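Encoded as structure tokens, the structure appears first; notes follow it.
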Amino acid sequence: MLTLEGLSAGYHGLQILHQLDLRVAEGEIVAIVGANGAGKTTTLKAISGLIKPTGGTVTFDGRRADGVRPSELVGRGLLHVAEGRALFGPLSVEENLRMGAWTRGRKPLDEPLREVFELFPILAERRAQAAETLSGGQQQMLAIGRALMAGPKLLLLDEPSTGLSPKLTWTVLDAVKAIRDRGVSVLLVEQNAAHALNLADRAYVLESGSLVLDGPGPELARDDRVRAAYLGL
Ligand code: ATP
């Protein structure tokens, strides 16, 4: 579904990512864990076209994706749910969701809307409420729901648990599993390594812009280096 080969990227001539090789297979949840500033967000931006890679390739769904405009990648089924969520605050929950489906053109939206409401019943209850009045957890659900409205093949999720209570974190992470079970692949970055490693089929550890370790999520959670550096054990 997604392959990075030798991907490098940075800002204003400053290299942040150093030749990343990474793969997400169809139907997989893959996590990238790493400390603050390791380059997790930058990796997602380089994949979704928000910044242009300076080296290497991104292949998505069998076609080159590096150097492709983000809007075109959305049309091809690559959706990035950024940290900060970028919702349309004064618009209602339902309006935000409908706007997520702009790439579907004039196709009827009742079915995708029904699916999002099934996944996040609280959004159905609040469908007429302005997005800016939702709690942090509800806004995160709305941001994910809006991405689902576009009919993604791959979701890039940036720190979905940031600012959420433990209970809400699990609500959101359970939803990530349900999304995968519906056939959407997921690449997730998380500072909370314990959550991410428990959830992910496979995970990568990113340190100072380089991938230093990878393996099945639960296996990495037992790795002494990972436990010491990221799980505080
Ligand atoms: P965090 O969890 O804090 O978001 P991260 O692993 O996602 O950490 P990035 O946000 O990718 O890390 O940042 C990696 C490095 O790139 C940091 O040194 C950061 O200061 C730098 N950086 C991030 N965004 C920019 C930008 N727009 N311009 C210049 N440097 C940036």
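The values are calculated or read from the model by the stated rules, or taken from the named source; none is laboratory data. It should be emphasised that the depicted structure is a prediction, and the values quoted were computed from it without experimental measurement. So basically every Cβ, Gly included, is an ideal-geometry build from the backbone, and we count neighbours across all protein chains shown. Note: areas computed on protein heavy atoms with side chains; ligands, DNA, RNA excluded. Shrake-Rupley method; radii C 1.70, N 1.55, O 1.52, S 1.80 Å.
Some observations on this one:
- Some residue of segment 103-112 being open to solvent by 40 Å² or more (accessible area, probe 1.4 Å) and either touching a Pro at 6+ places or on another chain (Cβ under 6 Å) or under 30 Å from V226 (Cα atoms) (or both): no
- The C-beta contact set for segment 25-45 (first residue under 16 Å from E83 (Cα atoms) and free of Cβ contacts under 8 Å to residues at least 12 places away in the same chain, second residue more than 9 Å from the ligand (Cβ to nearest atom) and open to solvent by 10 Å² or more (accessible area, probe 1.4 Å), distance under 6 angstrom, 6+ apart or interchain) is empty.
- Condition check for R64: more than 16 Å from the ligand (Cβ to nearest atom) and open to solvent by 50 Å² or more (accessible area, probe 1.4 Å): yes
- Residues in segment 165-174 that are open to solvent by 10 Å² or more (accessible area, probe 1.4 Å) and in a helix (DSSP H, G or I): P166, K167, L168, W170, T171, D174.
- Of all the listed residues (L14, L4), the sole one being crowded, with 18+ Cβ neighbours inside 10 Å, within 16 Å of the ligand (Cβ to nearest atom) and either without any contact (Cβ under 8 Å) to a residue 60 or more places away in the chain or more than 29 Å from L231 (Cβ to Cβ) (or both) is L4.
- Within segment 69-89, considering residues that are modelled with pLDDT under 90, under 14 Å from the mean Cα position of the chain (by Cα) and not small (G, A, S), the one nearest to the ligand (Cβ to nearest atom): E83
- Scanning segment 161-184 for residues that are more than 20 Å from A124 (Cβ to Cβ), touching a residue at least 40 places away in the same chain (Cβ under 8 Å) and not charged (D, E, K, R) yields T162, G183.
- Note on segment 185-223: among residues that are free of Cβ contacts under 8 Å to residues at least 40 places away in the same chain and assigned to a loop (DSSP other than H, G, I, E, B), the one that is surrounded by the fewest Cβ atoms within 10 Å (Cβ to Cβ) is D223.
- Test result for G55, among the small types (G, A, S) and more than 23 Å from T103 (Cβ to Cβ): yes
- Search result, residues across segment 24-59 that are in contact with an Asp or Glu (Cβ under 9 Å, 6 or more places away or on another chain), assigned to a strand (DSSP E or B) and more than 14 Å from the ligand (Cβ to nearest atom): I29, V30, G56, T57, V58, T59
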